[in-house]
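The values are calculated or read from the model by the stated rules, or taken from the named source; none is laboratory data. The structure presented is a predicted model; accordingly, all values stated were derived computationally and were not measured. Here Cβ is always computed from backbone atoms with ideal geometry, including for glycine, and neighbour counts include all displayed protein chains.
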C-alpha cells in the first residue's frame, strides 16, 4: 500500500528519536508500528496533532478502506513531547508545590496563635470566680459575686471562718475558738481578693514584668495546681487577747510547792514527807504577741507554744529527810479548877498538830475542837498558859505571830511580855512564814496523885537551822510606872475613925519582847517583836470620919 507524499510541508531531518530533532525534509519517514505506549505518553495539551491534509478528506486506502491505525500511529509518533519541554514542566510543578507547602506552613504557624489567643481571652473573660478559689472553706468556682455573697451568708452568716488553733501549755494543750479571743469577722475583704485573682496584675508598669494579659493568664492557670483558700479578715483588740491570756495564766500558773510533812509517828518520833513540785509562771506578754501575730497573718490553723518561767522549790524532800528534827522544848506548870481532864483534852488536840508552810494556827479553834469552854483569865488561866507556851515555841521555831493580846495587868501566872491572853474576844494566831513545815508534840506529866496539877511539855519540830544557830524569846523591863496617890473613898458604914484598904497599890512596868538569834553561843542579831505596858494601880482606901 502506498501513501501520498506531502510536497507542501517540511519534514524533519534525521531520525524520529534523535535529539534534538533535525530539520524537516521532503523525504517520507516511515511511521512506526502503533502501540499503546504512544497513546499513553501522548499529551494533547502540550503537543498539537499534525495538520490534516486538505486534499484528503478521509483516511482511505486505494481500495476505499480506512487506513486509520497506520496514519494515527505515525501522527502520534511525530507529535511526541520533546524531552526538554517535559523537564521544564516538571520543575515548574514541583516549584509550585513547594510554594504551596511553604504558604500552608506559614499559615499554620501564624494562624494557630490566633486561635490560642482567642481561647485564652475567652478563659479570662466573664464575671465569675475562677476555678480553684475558696473563701472560708466554701468553693466559689464558677459563681458570680452576688451568688458567692449569698452562699457565704447562708453557710456561716458571713462572720466566722474555719478556725483551728491549739495552744500548748507545758504538758497540757487547749483549743482556741473565735469567741475565746472576742473576734468578729467580715468576708468582704477576702471575697474581693478572691474575685481579683486573674483580674489584677502585680506590676503592670515594670519593664521586666510580662504583659498584664500574661500575668493574669498565669495566675488563673496556677489555680489548678495550687488552689487559693482565703479567709475572712478577723478584727480583734489586744486587750481582749490579753484578757484571754490572763485567764489561761490563772488556770495553768502553779507556784512552787515545797516538800511537806505527810505523816509522823508519835512514839518513835519519825516522819515522812511528800515530794516537792516545780512552779511555773506563764509568760503572758510572749503568748499575747504570738496570738496577735498569727491573727495579723490571717492564719486559720496554728499551734502556739506558751513559754513559762519555772520556779525551783526552796525545800526539797531530801532537805527534810536530812534536817527535819527537834527545834525547841517548852513547858509550864498547869493547874485548873476543872481538873486534869481539861488538860488532857487540850493535849490530845494539840499532839501531832501540823502547820505547813503558809498555814495559820488558831489556838482558839483548837480549844473549840477539843470541846473546852473558854472562861476569863481569872476564872481559868489554863488556856492563856497554854497559848503563851505555844507562842514562845512557835517564835523560836521561825513562825510569825499575827494576833496576840496581853494581860491587862501583871500576873504571877504568866511571864510579863510573853503571855497571850485567850478569852471570848482574844485569840492567838500563828502563821508559818518559813518554807519548811512544822509540827507540835506535847504531853502531860501529873505532879500529884489526883493529877489535877502537873507539867505540860510542848515540843516543836521543823527544819533544823545550821549547826550552832539558836533563837530565844526574851523580855526586858524598860521602865517602871509608879502608882498615883491612894484613892480615898468615904464609907459611912464603917465605924467612925476607921479605914479599910480595898485594893493594894501595884507598880506598873513596860516590857519589850525580843527575839534573839545566836550562833555558836554568841548573839549576832536581835529583833524587837512588841512592847507591853502594864499600868500602875493605885491603892484604894475606904474610911469614915
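Kindly indicate whether residue 391 is within 26 Å of residue 357 (Cβ to Cβ) and modelled with pLDDT of 95 or more. Yes: the conditions hold for residue 391. Selection within region 189-211: residues that are surrounded by 15 or more Cβ atoms within 10 Å (Cβ to Cβ), touching a helix residue (DSSP H, G or I) at 6+ places or on another chain (Cβ under 7 Å) and modelled with pLDDT of 75 or more. The member of this set that is farthest from residue 146 (Cα to Cα) is 198.
Hey, any hits in region 393-409 for a residue that's surrounded by fewer than 15 Cβ atoms within 10 Å (Cβ to Cβ) and in a strand (DSSP E or B)? Scanning region 393-409 turns up at least one residue that is surrounded by fewer than 15 Cβ atoms within 10 Å (Cβ to Cβ) and in a strand (DSSP E or B). Among the residues of region 223-243, the ones that are modelled with pLDDT of 80 or more and part of a strand (DSSP E or B) come to 1 in all.
Got a sec? Which of 148, 214, 246 is part of a helix (DSSP H, G or I), farther than 30 Å from residue 123 by Cα and modelled with pLDDT of 75 or more? Spell out the reasoning first.
Values: 148 fails: farther than 30 Å from residue 123 by Cα; 214 fails: farther than 30 Å from residue 123 by Cα.
Of the residues listed, the single one that is part of a helix (DSSP H, G or I), farther than 30 Å from residue 123 by Cα and modelled with pLDDT of 75 or more is 246.
Can you give me the number of residues within region 441-454 that are in contact with a helix residue (DSSP H, G or I) (Cβ under 6 Å, 6 or more places away or on another chain) and either in a strand (DSSP E or B) or within 13 Å of residue 403 (Cβ to Cβ) (or both)? Lay out the reasoning, then the answer.
Residues of region 441-454 in contact with a helix residue (DSSP H, G or I) (Cβ under 6 Å, 6 or more places away or on another chain): 442, 444, 451-452.
Add one more test, that the residue is either in a strand (DSSP E or B) or within 13 Å of residue 403 (Cβ to Cβ) (or both), and what stays is 442, 444.
Final tally of qualifying residues: 2.
Among the residues of region 418-435, which ones are assigned to a loop (DSSP other than H, G, I, E, B) and under 30 Å from residue 314 (Cα atoms)? So that I can check it myself, show each step before the final result.
Just the residues of region 418-435 that are assigned to a loop (DSSP other than H, G, I, E, B), to begin with: 418-428, 432-435.
Residues satisfying the conditions are 428, 432, 433, 434, 435.
Number of residues in region 123-144 that are more than 18 Å from residue 215 (Cα to Cα) and in contact (Cβ under 8 Å) with a residue 60 or more places away in the chain equals 4.
Look at residue 502 and say whether it is in contact (Cβ under 8 Å) with a residue 24 or more places away in the chain, in a strand (DSSP E or B) and over 60 Å from the mean Cα position of the chain (by Cα). The answer is yes for residue 502.
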